[in-house]
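Contents: one structure, followed by commentary.
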Amino acid sequence: MTPPEIPLIELEGITKTFGRGEAAFQALKGVDMRIERGDFVAVMGPSGSGKSTTMNILGCLDVPTSGIFRFRGVEVQALDRDQRSLLRRRYLGFVFQGFNLLARTSAVENVELPLLYRGEKKSERHAAAMRALDQVGLAPWADHTPAELSGGQQQRVAIARALVTQPDVLLADEPTGNLDTERSIEIMQLLTRLNGEGITILMVTHEEEMAAFANTIVRFRDGLVERVERGRRTRREEPA
Amino acid sequence: MFGATLLLAFREIRRHLLRSFLTTLGIIIGVAAVITMVTLGNGVTASIKDQISSLGSNVLIVFPVQGDRGRPRPFKQADVDAVSRQIAGVVDVSGSVSSSVTAFHNGQSWRTTVQGVGNDFLRARSVEVESGRAFTNEEESAGKNMCLIGPKVQKAIFVAGSSPLGENIRLNNVSCTVIAVLKERGEGGGPDQDSDNVVMVPLKMAQRRFTGSDDIQYFVIKYDSAYASTAIQDSLVGLLRERRLLQGAATNDFNIVDTAQVNQALGAATGALTAMVAVIAGISLLVGGIGIMNIMLVSVTERTREIGIRLAIGALAREVQLQFLTEAVVLCCFGGAVGIALAFILSWGMASAIDVPFIFNPVVNVMSFLFSALMGITFGYYPARRASKLDPIDALRHE
C-alpha cells in the first residue's frame, strides 16, 4: 500500500514536444498536477490544449519530453516500454470514446482479455469477467457480440473490461463522446458509483454536463493547466 | 502465458474463418502435392521393383549383339554347357529361343509366343507352376512335345473351369500335351514381353519344330548370391571371348545384363523423377508460405486498432508478437494437417487408379508437417514483429 502522504499521481514540470527542428511542436509547456487517491477528475479544454497528451502520459502510453511523472511514488518517465505495459496491466483501466471492443468476440471474452495477459486460470477469468459485467449491469448479455449491443451497452462492456483487473485508476477518454444524452448520463452515473466504491477516475470530456459529475475539474489551455476546480461536484448518482 | 496465446490465436482464427481457410489453402495444396507426389513416386518405384524382381534375383541374361564382324552370332548349347561347367558360382544356366505361333484348341485360336527353355530356366527366372508339373529331365533332354502354358493362353483357348492338364493343344501344326499352367507373373517380364502369354516347351523341341536350328537366342544364368556379380561377369566375358575367338582389342559381340543393375538404374530414374516433382510441389508450398506472410501483414494493418487496445490494456510487445506468430504457426499447422489428410485421400485414390501400391511414407508426412510449421515461424515472424513495434497511441487512433 502506498503511504497516505504520497499522492497517487504527481506531475512536475511536464513538457512534451512532438517533431524536431522547424516542425517541432510543444504540446505541453510545463504541467504540474496532483491527483489524490479516490478523486474523480474531469480534464477539459479546447482541442490542441494538451489534454489528450496529458492523458496519454497519465495512462503510461507515452513519456514526457522532460519533467517528472510519479505514479504511486514511482517515476514513470524512467521506465521502459515493457515496464510501463506491466504498470498499465496492474493498475490502470482504459475506456475509450470509440469503445474499442474486439469485433466478433462475445462481451465476456472481451472483458476476459486483460486477465488473459495476466495469465489467470480459465475458471477465475470467467468468474471475474462475469462479476465485472454484473457490476455494469450486463451479465445477461455476456454472450452477445458488440454488433448485437447498443452503443451504451458497448461502452458498459468496455468499462467492465477496464474494471475486471480491479485497477487503481480508470482512464476514460471522452467516454460519452459517441452516445446520446440519456446513455451518457447512465454511463456517468455508473462511473460515479464506481468512484464511490473507491476507484480513482480520470476523464477527458468537452461537455460541461458530463464534467459536472466530477469532483475536480482541470482546465487546460495552450499546453498549460489554466485552472483547477476542486470539490465542485454538482451532480450525484440518482437513486436507482 | 503460452496457453493463453494459443487461445487468443484460436479465437482470432475463429473470428476470420473464411479468410483463415483461404490463407491456408496455399499450404494445404502445397503439402498435399508434396506428399501425394512422393507417395505415388514410392508406389511406382515399388511396382517397377516388383516387376523387375519377377525377372529373378542374382540373374544374368546373356545375348549376342553385333560385333566387329557384322551380324550377331548366336550361341550354341555347347556355350551353355561350358558356362555351366567352367564358371564357379553358376547355379542354373539355360538357353532359350522363342517364336511367334498360333495356339489352337477346340476350335479356339490365340496368338502367343512359344518359348523353348530348360528346367534351369524356370528356376533361374523364378517361373512357377500354378497347377501341374515342370519337365522331367528325360522330357527335357529328349525334347518331348510337352508344354507349360501361361494363364492368358489358358484363358484364351480353354473353357473356363475345365482343367487343361493332359489336353493336347496345337501350336501352328505341332501338337503337344499340356502338363502345367504357369502362375501369373504380370507384364514387363523382360525380353519375352508378356510373360503370361507364353507357351513353354523343352528347348530342343522348340529348336527342332519352330526355329529350325540349334541356335540359342539368349541364355540366363542364376548365380550363387555368395559370389559377386562383377566377378561372375568377368569370368563369363573371359570364357565367351575365348569360345568366340575374340582376340586383343576385338569388341565383345555379346551383352550381359544384370537384373540387379537394371533394378538400380530404374530405381534411380524413378527416384530422380519423384525428387523433381517433389521439388516443384515444394515450390508451391513456399508460395503458400509467402501467401500467409502477405495475409498476416494485411492482418496487422487491419488490426492496428486491436493491437492498440491489447497494448493499452497491458499486453507486452513480446506478447503481441507471440500472438501473431502463434496465429501464423497455427494456421500453417492447420494447413499442414488438412494437407496431410487430403494427400492421404488423393494418393490412395490415384494409386488405385494407376494400379500401383499405396505406400504410406511417415517420414514425408512428418517432414511436410514440420516444414509447414517452420514456414509459419519464418513467414509469421516479420508481420508479428511489425505488430509488436506499433505505438499504442498511434494504433488506437488508427481508423
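The values are calculated or read from the model by the stated rules, or taken from the named source; none is laboratory data. Computed from a predicted structure; not experimentally measured. When we count neighbours, we look across all protein chains shown, and the Cβ atoms used for this are built from the backbone with ideal geometry, even at glycine. Just so you know, the surface numbers come from the protein's heavy atoms only, side chains and all, with ligands and any DNA or RNA stripped out. Shrake-Rupley method; radii C 1.70, N 1.55, O 1.52, S 1.80 Å.
Observations
- Separation of the B:Ala46 and B:Asp68 label points, Cα + 7 Å toward Cβ, nm: 5.0
- The stretch A:96-145: C-alpha gyration tensor shape, a/c 1.5 cut-off, then a/b vs b/c: oblate
- Neighbouring Cβ atoms from other chains, within 10 Å of the Cβ of residues in A:112-119, number 6 on average.
- Modelled label positions at A:Glu148 and A:Lys121, each set 7 Å beyond Cα in the direction of Cβ, lie 2.9 nm from each other.
- Here the stretch B:74-243 exposes an accessible surface that is 46 percent carbon and sulfur, computed with a 1.4 Å probe and the other protein chains kept in place.
- Distance from the alpha carbon centroid of the stretch B:1-67 to that of the stretch B:226-299 works out to 21 angstrom.
- Charged-residue dipole, Cβ positions (Lys, Arg, Asp, Glu), the stretch B:112-259 about Cα centre, Debye nearest 20: 320
- Between B:Ser141 and B:Asn106, the FRET efficiency from the beta-carbon distance, with R0 = 35 Å, is close to 0.65.
- Cross-link reach list, lysines versus B:Lys155, counting only Cα pairs under 16 Å and skipping chain neighbours closer than eight places: B:Lys183
- Environment charge of B:Met296, counting only residues whose C-beta is closer than 15 Å and scoring Lys/Arg +1, Asp/Glu -1: +2
- For the chain pair A and B, the interface hides roughly 2500 square angstrom of accessible area in total, found with a 1.4 Å probe.
- Accessible area of B:Ser57 in the full protein assembly, 1.4 Å probe (Å², nearest 10): 70
- Stretch gain in nm, segment B:Arg133-B:Val279, where the contour uses 0.36 nm per residue and the Cα spacing is subtracted: 47.5 nm
- At a threshold of 10 Å², the residues of the stretch A:143-186 that become less accessible to a 1.4 Å probe in the full protein assembly than in their chain on its own are A:Arg161.
- For the stretch A:115-240, size of Cβ-based charge dipole, Lys and Arg +1, Asp and Glu -1, in debye: 460
- Averaged over the residues of peptide B:302-313, the number of Cβ atoms from other protein chains lying within 10 Å of each residue's Cβ is 6.
- Note on B:315-325: average number of Cβ atoms from other chains within 10 Å of each residue's Cβ is 3.
- Annotation: peptides A:108-116, B:255-263, B:377-385, ranked by per-residue average of other Cβ atoms within 10 Å with the highest first, follow the order A:108-116, B:377-385, B:255-263.
- Between the residues B:Leu286, B:Leu342, A:Ile14, the greatest Cα displacement towards the positive end of the dipole of the protein assembly as shown, with unit charges on the Cβ of Lys, Arg, Asp and Glu, is found for B:Leu286.
- Accessible surface, 1.4 Å probe, highest first, among residues A:His206, A:His144: A:His206, A:His144
- Partner aspartates and glutamates for A:Lys29 [C-alpha distance under 15 Å; skip if fewer than 8 residues away on the same chain]: A:Glu12, A:Asp222, A:Glu226
- Accessible area ranking (1.4 Å probe, heavy atoms, ligands and nucleic acids excluded), largest first, for A:Lys29, A:Lys51, B:Lys222: A:Lys29, B:Lys222, A:Lys51.
- B:Glu327 accessible area, 1.4 Å probe, all protein chains in place, Å² to nearest 10: 10
- Ordering B:Ser388, A:Gln155, A:Gln97 by Cα displacement along the dipole of the protein assembly as shown toward the positive end leaves B:Ser388 in first place; charges were set at the Cβ atoms of Lys, Arg (+1) and Asp, Glu (-1).
- Area accessible to solvent at A:Arg34, 1.4 Å probe radius, in Å²: 110
- Length-normalised contact order for chain A - Cα pairs under 8 Å, 6+ apart - percent: 26
- Per residue accessible area in Å² of the protein assembly as shown, where ligands, DNA and RNA are left out and the probe is 1.4 Å: 45
- Modelled spin-label separation between B:Arg241 and B:Ser126, with each label point placed 7 Å from Cα along the Cα-to-Cβ direction: 3.3 nm.
- Here the protein assembly as shown is assigned +1 on the Cβ of each Lys and Arg and -1 on the Cβ of each Asp and Glu. Its dipole about the Cα centre then comes out at about 340 debye.
- Charge dipole (the stretch B:74-243, unit charges on Cβ, about Cα centre) - positive-most of B:Ala228, B:Gln77, B:Met200: B:Met200
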